[in-house]
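The values are calculated or read from the model by the stated rules, or taken from the named source; none is laboratory data. Computed from a prediction, not measured in an experiment: that's the story for all the values here. Positions of Cβ are generated from backbone atoms using ideal geometry, with glycine treated the same way; all protein chains shown enter the neighbour counts. Surface areas here come from the heavy atoms of the whole protein model, side chains and all, with no ligands, DNA or RNA. Shrake-Rupley method; radii C 1.70, N 1.55, O 1.52, S 1.80 Å.
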Amino acid sequence: MKKAVLLAPLDPVHDIGLKMINRALLERGHQTILLPPDIRGEEIINRALQEDVDIILVSRTVGYGVAELLGSLIDLTDAAGLREFTKIAIGGMAIKPELAAELGFDAGFGPGTTVEEAVAFVEGREYLPGRERPAKHKPDLTAGYDYHYFNPEIARLLEEIASRAINLYSGFTSPAIERALLREELFTREKEGANSEEIASIQAEYARLCSPAVAEYYRQRILPAYLRRLGQDELAGLAGFIANSDQGFSPPDLKRNESQPVIFVQYGTGCPLMDIAHIKAVEAWGADGVVHFDPSWGARVEGILQGPLTHQENGSVITSANLELIKNALLPSTLWQVRAHRGLNTPETVLLAGEAGAELTKVNIAYGSLAGGTDPERLTVDAIAALQYAARYGLPFDIPTNEELAGVPAYKAFAGMLITAQIGLMIGARPVLQPLFCYSPEVMLGGQMEDNYLDFNYAKVRVLRGIISAPIWPGAPIGFLTHTEERVQSAVTTGLHAGLAAAIGVDAISIASSDEAYSGGPITIAARIDTLQAVKENYRFLGQASYQPTPKAKEYEEVLLAGIYQVLREVAARGDLVRALYEGLLGTEEDGAYPGRNGKNTVNKYMQIR
Amino acid sequence: MERRVVGVAGLAKNTGKTTAISCLLRELNKDGCPLAVTTIGYDGEELDNVTGLPKPRVYLQEGNIFATAHSCLQQSSVKATVRQETDIFTPLGMVVVAEVLGAGNVILAGPQTASGLKQIITILQGMGSKIILVDGALNRLVPMIAVDVLVLATGAARNTELTSLTKEIETISRLFLLPEMKGIPSLEEEEMIVCWDGEICRRFNSSSLLSREQLNQIKDCLIRGGKYCYIPGAVSQELLFQLLTEDGLFRNGRGIIIHDIFRLLIGGHLVEYFRPGLAELLLDRLYVLHQVDLLAITVNPFFPDYRIGDKDYQPEYVDGDRLKEKISAVVELPVIDIEADGCGKLVKYITTMVC
């Protein structure tokens, strides 16, 4: 039903809020009377009586003494008999519902009130923030990309390298692969209703393939000292917490338009319950996806534990139960990534991620073996198996060039990334390229970011766009090593890098809270909100506009391309990806890359037993 | 007739309304009188919405009944059960009537209009409350027409200049003596301005005196033979003065009837009533349909002092004894400083009414 609304700005200025509401009401077909500012209360009441209005909207900045003025106005409306038929609301700075109640109004609208909220009041609808937003959907980052190579020579080199790698190493097995197969068997037998003896038998076999600390758990149910099982009372409160958090809530979309990058936030406090609290907070503030960070020691330990476990240090342990807890807490629109880009459990991790319902995973042979501490041969064998699981479960996988942070030049890291991407493509998986927007050792020494942060990042993305049709998702996080311990600065630099990402036209970004960006200690919700708001404001600032890099960007792009070519030729000539990794073709010790030792000599050169 | 509903209204914020209510609750609960309480605004919070200074809490005992917004129950430390929901809404949600099961502080957000307050009072009386206390809000007065007796709170927060403050309260207390127009039952239900000469001879198309057109209509009524003109709605102070000061209109005992004294105290500047001779004119030519029984005046020497340098408010006080002395000299009512004197005197007056 259309309403007759009287809008009365009591301030001599500051009537813009009412003007915006007036416009919205007219657009919706309501009849409005917008009074000029600074009219006396009696005139307002008289006009309301003459026009027989349904609603009176008043705006006024409230200070001491002004409250009495508004109280008198309310008394006038009551005395005039208006209150029986007319609702009256007050808006302005310092207005809160409690103050509106004290003043005698039917509603109060303070800072942050949206036009929609005021319109809902006029129309007699309940206003539930978030509900009026269009439903957020879960995007497929790989949609629209066909992985076609624009550069035939690079395509040829990659196919050669990847084919040989798959031919040489896909027939191998490792403890990780065997454990993944046993895990699959466990899942299958559990679904079939196997009895406890059968389950125990599989677990015993699993334990034989684990490091002592993990094996101890399967044999005697003893957890390492820094882990404990979550209690029933802790878990019991979780369902209620999630229900209260979500209650019909529709998360905001920080993107101004569909071309702006999807926003991922990292979590991994160590405790899944705390993680969920962080996840609910970042969902509420507009994150599109979340990335699971597991503990660094997990990469050095053979085997994955079981049960809902909380870890007393950074990183949340990957177990089937923990992943299930997280999954059940996510909003339907939230993307979820579980990483498997280094370490001794990559195939099983991807398997668990797929079973748990993750949308994405992360695999990178080059980084994991040159800066992630895993033996190159072991990681190559495991990664092929992991990518097979990724293909099976339809999980796109991103390939982070984190070795840049160790000092490996971008062109070498990109070569390694493209090789992993091609291996994945040949197996049937869908890669997502993840160059870093970072102030890496390379640029510290080379000066590519001496003047600005734009040129080199533009070059990175453009060189990749010129090679292959594939999604690009800079991480991890964006702006890494441009942050300081100062919270505002951290949020600003993250926001600016987000704007840059939008301007360049990438598909997603990972951001870090201003706490974690500097790795200064515990990560607070407030710091997370800072960076999400900073991203939002940069997206707002930019819209569909762009930045203009200097001609240096083109120079850097050419240097990158030439470097990628050179590395790929060398790796192809070497004929063996693993040997290439050991020999530093994708990053030397001088660069800062060291072939990992975890899992050395654990690859079984015979065909898989199973 | 038993008079059960006691309202505490103020002429400004921070004049001590809630302090008076809190004291009355404390003392009346000791007497074991079945009590109920509500507000026409928002009370019981820890810090003032505007100044940020501490506020008096509202403490209820087991068995007390109170009306508040449902959401305020969760913020209250009192244990209570909801006895009845209503169709009255505030910015904080639906007003419910609840009974205290375990003593504690309560946040009150009650009905904001006269009709809403009447509805709540009916419910509270139906639940057996012998005394119903209604806390005012800011300087709002109109809903208080629903109460049986009124306590008027004033103090330094209204005006730190004690001579002006005293003059104001003197004038207001005199206005409460405006004669009640009895014996015209036909006016009770009127919602529009009417001209009455023994019966209703004309009915106008507005309820309030807020425009020159309405002023001319009323003048016309009085000139053409109407004895009284009844204005049920709001009254513009400026237009009313224009009307009342036209001598030619008020020959032969003609007069203006307004609904109640509160219509005079809102919307304008009370200082205007201090004009020499004006109060006498009002008493001679103005009537109320419903008189409000003014029981006492409470005075509060406190006022929030805004410090520009600190950009915040600090508590300050005028001389409380002098304040009380000056006002006592000009009103024929009990004048009480609740903080200094307690509310024993008020309690005595109230309990002689009912319990």
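Contact order, relative form, for chain B: 21 percent (alpha carbon pairs under 8 Å, 6 or more residues apart, mean separation divided by residue count).
Please report the buried accessible area for the interface of B with A, total over both chains, probe 1.4 Å, in Å² to the nearest 100. Provide the component values of the computation, followed by the final result.
Working: alone 15580 and 25410 Å², together 38020 Å².
By this definition, chains B and A bury close to 3000 Å².
Partners of residue A:280 within straight-line reach, counting lysines whose Cα lies under 29 Å from its Cα and excluding those fewer than 8 residues away in the same chain: A:96, A:136, A:138, A:255, A:327, A:362, A:536. Per residue, chain B exposes an accessible area of 40 Å² to a 1.4 Å probe, with every protein chain left in place. Our Cα-only numbers for the stretch B:189-256 put the radius of gyration and Dmax at 10.7, 30 Å. Measuring nothing but protein heavy atoms, the accessible surface of the stretch A:38-90 at 1.4 Å probe radius is 47 percent carbon and sulfur. Within the listed set B:255, B:198, B:225, the residue fluctuating most in the Gaussian network model of chain B (springs between alpha-carbon atoms under 10 angstrom) is B:198. Taking amide H as placed 1.01 Å from N in the peptide plane, residue A:476 has its amide H under 5 Å from the amide H of A:437, each at least 5 places away in sequence or on another chain. Taking a ≥ b ≥ c as the square roots of the eigenvalues of the alpha-carbon gyration tensor, the stretch B:63-103 is classed oblate because a/c is 1.5 or more while a/b is no larger than b/c.
Can you give me the convex hull volume of the Cα atoms of the stretch B:122-222, divided per residue and expressed in Å³? Intermediate values should be presented prior to the final figure.
Working: hull volume 18.2 nm³, N = 101.
Given the Cα convex hull of the stretch B:122-222, per-residue volume reads 181 Å³.
The stretch A:538-610 has equivalent-ellipsoid semi-axes of 39, 19, 13 Å, by the square roots of 5 times the alpha carbon gyration tensor eigenvalues, sorted largest first. Simple spin-label estimate for residue B:201 and residue B:246 gives 1.6 nm between the two label positions (7 Å along the Cα-to-Cβ direction from each Cα). Taking label points 7 Å from Cα along the Cα-to-Cβ direction, residue A:569 and residue A:51 give a separation of 7.8 nm. Helix A:152-169 and the longest principal axis of the Cα set of chain A meet at an angle near 60°.
Using a Gaussian network model of chain B in which every pair of alpha carbons under 10 angstrom is joined by a spring, one finds that among B:246, B:191, B:99 the greatest mean-square fluctuation is at B:246.
With the contact rule set at Cα under 8 Å and sequence spacing of 6 or more, what percent relative contact order holds for chain A?
14
State, to one decimal in nm², a quarter of the convex hull surface area for the C-alpha atoms of the stretch A:69-129, i.e. the direction-averaged projected area.
Numbers: hull surface 17.2 nm².
Answer in nm², one decimal: 4.3.
Taken along its principal axes, the alpha carbon cloud of chain B reaches lengths of 64, 46, 40 Å, longest axis first.
Helix A:487-504 axis versus longest C-alpha principal axis of chain A: approximately 80°, rounded to the nearest ten. From helices alone, the protein assembly as shown scores -12500 deg cm²/dmol at 222 nm; the rule is -39500 (n - 2.57) for each run of n ≥ 4 DSSP H residues, then divide by the residue total.
Could you do me a favour and compute the accessible area per residue for chain A, 1.4 Å probe, result in Å²? Please report the intermediate quantities before stating the final value.
On the way: 23870 Å² over 610 residues.
Ligands and nucleic acids excluded, the figure is 39 Å² per residue.
The largest-to-smallest principal axis extents of the Cα set in the stretch A:506-566 are 43, 30, 20 Å.
Here the ratio of the Cα radius of gyration of the stretch A:246-376 to 2.2 N^0.38 Å is 1.07. Shown is the FRET efficiency for residue A:38 and residue B:352, computed with R0 = 60 Å from the Cβ-Cβ distance and rounded to the nearest 0.05: 0.75.
Per residue of peptide B:136-146, the mean number of Cβ atoms on other chains within 10 Å of the residue Cβ is 6.
Give me the number: length gained by fully extending residue A:583 to residue A:126, i.e. 0.36 nm times residue separation minus the C-alpha to C-alpha distance, one decimal in nm.
Here the segment from residue A:583 to residue A:126 would lengthen by 157.9 nm.
Cα gyration tensor of the stretch A:451-597, axes a ≥ b ≥ c as square roots of the eigenvalues: rounded (a/c below 1.5), prolate (a/b > b/c) or oblate? In terms of gyration-tensor shape, oblate.
Once you have the alpha carbon radius of gyration of the stretch A:187-290, what is it after dividing by 2.2 N^0.38 Å, with N set to its residue count? Intermediate results must be reported in sequence, preceding the final value.
Numbers: Rg = 19.7 Å, N = 104, 2.2 N^0.38 = 12.8 Å.
Rounded to two decimals, the normalised Rg is 1.54.
If I compute solvent accessible area with a 1.4 Å probe over the protein chains, what percent of it on the stretch A:273-390 is carbon and sulfur? Present the calculation step by step, with values, prior to reporting the outcome.
Working: 1230 of 2450 Å².
Heavy-atom surface of the stretch A:273-390 belonging to carbon and sulfur, 1.4 Å probe: 50 percent.
Approximating the spin labels as points 7 Å out from Cα along Cα→Cβ, the residue A:489-to-residue A:16 distance works out to 3.2 nm.
To two decimal places, what compactness ratio does chain A give when its Cα radius of gyration is scaled by 2.2 N^0.38 Å? Could the numbers behind the result be given before it?
Details: Rg = 29.1 Å, N = 610, 2.2 N^0.38 = 25.2 Å.
Normalised Rg, Cα atoms only: 1.16.
Taking 0.890 mPa s as the viscosity and 25 °C as the temperature, the Stokes-Einstein diffusion coefficient of the stretch B:248-355 based on its alpha-carbon Kirkwood radius rounds to 139 µm²/s.
Contact-buried residues of the stretch A:95-113, at a threshold of 10 Å² lost accessible area versus the chain by itself: A:96, A:97, A:98, A:99, A:101, A:102, A:103, A:104, A:105, A:106 (1.4 Å probe; DNA, RNA and ligands ignored). Listed by chain and number, the lysines placed with their C-alpha closer than 20 angstrom to that of residue A:3 are A:19, A:87; residues fewer than eight positions away on the same chain are left out. Legend: calculated FRET efficiency, residue B:306 to residue B:279, from the Cβ-Cβ distance at R0 = 35 Å, rounded to 0.05, equals 0.60. In this structure, residue A:327 and residue B:81 have a Cβ-Cβ separation that, at R0 = 35 Å, corresponds to a calculated FRET efficiency of about 0.30. Residue-wise HN-Hα couplings along the stretch A:238-245, as the Karplus relation 6.51 cos²θ - 1.76 cosθ + 1.60 with θ = phi - 60° gives them from phi, are 5, 4, x, 4, 5, 4, 5, 5 Hz; Gly and Pro carry x.
Measure nothing fancy, just the Cα-based angle from helix A:196-208's long axis to the longest principal axis of chain A, in degrees from 0 to 90, nearest 10. For helix A:196-208, the angle is close to 70 degrees. Counting lysine pairs in the stretch B:199-355 that sit 8 or more residues apart in sequence, or on different chains, and whose Cα atoms lie under 28 Å apart gives 5.
The figure for residue B:147 is an accessible area of roughly 10 square angstrom, using a 1.4 Å probe on the protein chains alone. Across the stretch B:36-174, Cα pairs under 8 Å and at least six residues apart give a relative contact order of 27 percent.
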